[in-house]
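Please read the structure below before turning to the comments.
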Amino acid sequence: MIRNLRLPEYVYKLSPKEITLALLKGIAVEALLTYFFYRSLIWGIILIPIIPMYALMKLKEVTEKKKWEILLQFKEMLASVNNSIQAGYSIENAFISCRKDMLELYGGDAVIVKELSILIQGMKNNCTVTGMLMGMANHTGIEEIREYASVMTIAKSSGTRIREIMDSYIKTIDEKLSVMQEIETMTSRARYEQQIMNAVPFVILMYVDTTNKGFFDVLYSNILGNIVMSVTLTIYIVSILISRRIINIEL
């Protein structure tokens, strides 16, 4: 996944619906583990910390998804700005045109549209484009935007070579983001397969428990059984964490 980034409040802030959904998923997972591994109210209480831990893990996935969406929007922004520059627009007018393109493509609630609105307003207040781009990089925490701002500064100082420099950079960053997008697509499939594999043990247990009533009772009625199930649960959780670490490639 994308490296940890510090995002602005309106991006990083999670909606009550997202938080509630994550907590409900945590409760469901905790209840599932309690039922299949212990079937005991006491153990259900002991396993309560799993709820916030799982919820935080799901919320992190939500924020990571938002970060990835910002990066993809940035990629489209680069293409739009570069096309305008190649068509003879000044850099300032290229960003004004870009905002219109991004508005049509993503809608007014998109992060890139909001950031471009801030950038354009800054230009109206006599702020430099490069300065506003640095501000955008600080707001989003996206390192690629910071790189773009630095290249823009160099390009503007070069005068007549601005199109050549920007075109070269756009091609480089486009290749980089295309590779990142391909990796993300590949890992998305692996994560989906992981989710299926995580559910398989419970499907098997449910099938055996349904077709052979009382088959697992010996594991729930004594201390030795609880120890065996605790070891099994630990192995199951560790295996999930390891597989997540393997799949979640840091881009």
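The values are calculated or read from the model by the stated rules, or taken from the named source; none is laboratory data. Predicted model, so just to flag it, every value in this text is computed and none were measured. FYI the Cβ positions are ideal-geometry reconstructions off the backbone, even for glycines, and counts take in every protein chain you see. These area figures cover heavy atoms from the full protein model, side chains too; ligands, DNA and RNA do not enter into them. Shrake-Rupley method; radii C 1.70, N 1.55, O 1.52, S 1.80 Å.
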Check: Any idea what log10 I(q)/I(0) is at q = 0.20, 0.22, 0.33, 0.34 Å⁻¹ for region 189-234, Debye with uniform C-alpha scatterers and no solvent?
Finding: -0.77, -0.85, -1.06, -1.07
Next item on the list: Starting from region 156-251, pick out the GluC sites (Glu not before Pro) whose DSSP state is loop and whose Cβ has at most 16 other Cβ atoms within 10 Å.
Entry: Glu250
Check: When the helices in the chain are scored as -39500 (n - 2.57) per DSSP H run of 4 or longer and the sum is shared across all residues, what 222 nm value do you end up with, to the nearest 500 deg cm²/dmol?
Finding: -28000 deg cm²/dmol
Check: Measuring from the lowest to the highest alpha carbon on each principal axis, how far does region 32-109 reach, largest first, in angstroms?
Finding: 72, 18, 17
Notebook entry, point to check: Ignoring ligands, DNA and RNA, what percent of the 1.4 Å accessible area of the chain is carbon and sulfur?
Noted result: 64
Next item on the list: Between Phe215 and Ala31, take the C-beta separation as r, use R0 = 22 Å, and let me know the FRET efficiency to the nearest 0.05.
Entry: 0.55
Next item on the list: May I ask you to give the solvent-accessible area per residue for region 202-251, in square angstrom, as obtained with a 1.4 angstrom probe?
Entry: 72
Margin query: Using 5 Å bins from zero, what percent of all Cα-Cα pairs in region 1-136 falls into each bin?
Written below: 2, 9, 15, 15, 13, 10, 8, 7, 6, 5, 4, 3, 2, 1, 0
Item checked: Candidate lysines - alpha carbon under 26 Å from Lys124, same-chain residues fewer than 8 apart omitted -> Lys75, Lys100, Lys114, Lys156
Note to self: At 37 °C and a viscosity of 0.692 mPa s, what translational diffusion coefficient does Stokes-Einstein give for region 128-241, taking Rh as the Kirkwood radius over Cα pairs? Give it in µm²/s as a whole number.
What the structure shows: 168
Item checked: Kyte-Doolittle mean at least -0.5 and Cα axial length at least 27 Å: DSSP H helices in the chain -> 16-37, 50-86, 162-211, 223-247
Check: Based only on the alpha carbon positions, what is the Kirkwood hydrodynamic radius of the chain, in angstrom?
Finding: 21.6
Margin query: Using 0.36 nm times the number of residues separating Ile48 and Ile19, minus their current alpha carbon distance, what extension gain do you get?
Written below: 8.7 nm
Item checked: Centre separation in Å (Cα based) which lies between region 179-217 and region 88-108 -> 44
Notebook entry, point to check: Over region 139-251, what is the mean sequence separation of C-alpha contacts under 8 Å (at least six apart), divided by residue count, expressed as relative contact order in percent?
Noted result: 22
Next item on the list: Take the alpha carbon atoms of region 104-169, find their radius of gyration, then divide it by 2.2 N^0.38 Å using N residues; give the quotient.
Entry: 1.17
